[in-house]
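Participant: The structure that follows is given in the form of structure tokens.
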Amino acid sequence: MAKLHFFYSTMNAGKSTSLLQTNYNFEENNHKTLLFLPNPINKKNNKIKSRIGIEKDAILVNTKFNFYKYVKKIQTTDLKCILVDESQFLKSNQINQLSRIADDLDILVMCYGLRTNFKGELFEGSSRLLAIADDLHELKTICTLCENKATMVLRYGNKGVLETMGKTIKIGGNDIYKSVCRYHFRKITKLI
């Protein structure tokens, strides 16, 4: 039976790079994969991109997309793996659909995403994955303020002002997000 995997971390831990490397390994061995990318802000770019410069086309999905129905409809015997980047943006029912793909269709499902948001709270998709995934894999990176493991994310707005409130989804990179350890998150945000 196939499994549902969750690879999680903070920003800059190499989640997309790991996903793209896994996809490359499957393709190199002539195994078909499907790549999915949640589209939380209706962006037009359908590429999974790594900060080190590699990228691959993916199927953009919204919160109403049904993974199980889609894969069941197009299922072929050579489909071996489904890879989902930014899985924190999925809804709980979508994670359930991905688990059904692994269980009922015997197709490996690998999800990559953030565990917590800038408020120190679990994302909906991540919460469900932590609850039901067969295997959990933490991808580690270090705090931008010390050498400890980063487990939290700080978000900065206009003119470098720390944000501890506001919309959960704000797309950005190193310009607005900083990965930090819990100690620095607590000291800086006062949220814990």
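Here, each number is a calculation from the coordinates, and none is a lab measurement. Values in this document were obtained by computation on a predicted structure and should not be read as measured data. Note that each Cβ is placed from the backbone with ideal geometry, even for glycine, and that neighbours are counted across all protein chains shown.
Participant: If you fit an axis through the alpha-carbon atoms of helix 92-105 and take the longest principal axis of the Cα set of the chain, what angle between them do you get, 0 to 90°, nearest 10?
Facilitator: 30 degrees
Participant: Can you tally the lysine pairs in region 56-167 where the Cα-Cα distance is under 22 Å and the two residues are eight or more apart, or on different chains?
Facilitator: For region 56-167, qualifying lysine pairs total 18.
Participant: Quote the relative contact order of the chain in percent (integer), defining contacts as alpha-carbon pairs under 8 Å separated by 6+ residues. Numbers along the way, then the final one.
Facilitator: On the way: 379 pairs, mean separation 52.1, N = 192.
Relative contact order of the chain: 27 percent.
Participant: How big is region 1-101 along each principal axis, measuring the range of its Cα positions in Å and listing the largest first?
Facilitator: Extents along the principal axes: 34, 33, 24 Å.
Participant: Could I ask something else about it? In whole angstrom, note down how far apart the Cα centers of region 60-87 and region 132-179 are.
Facilitator: 27 Å
Participant: I want the local charge near G166. Using Cβ-Cβ distances under 12 Å, sum +1 for each Lys or Arg and -1 for each Asp or Glu among the other residues. Please report the intermediate quantities before stating the final value.
Facilitator: On the way: positive: K119, R155, K167, K170; negative: E163.
With Lys, Arg at +1 and Asp, Glu at -1, the neighbours total +3.
Participant: For n ≥ 4 DSSP H runs only, could you compute -39500 (n - 2.57) per run for the chain, divide by its residues and tell me the 222 nm figure to the nearest 500?
Facilitator: Details: 5 runs with 53 residues, N = 192.
Calculated from helices alone, the mean residue ellipticity at 222 nm is -8500 deg cm²/dmol.
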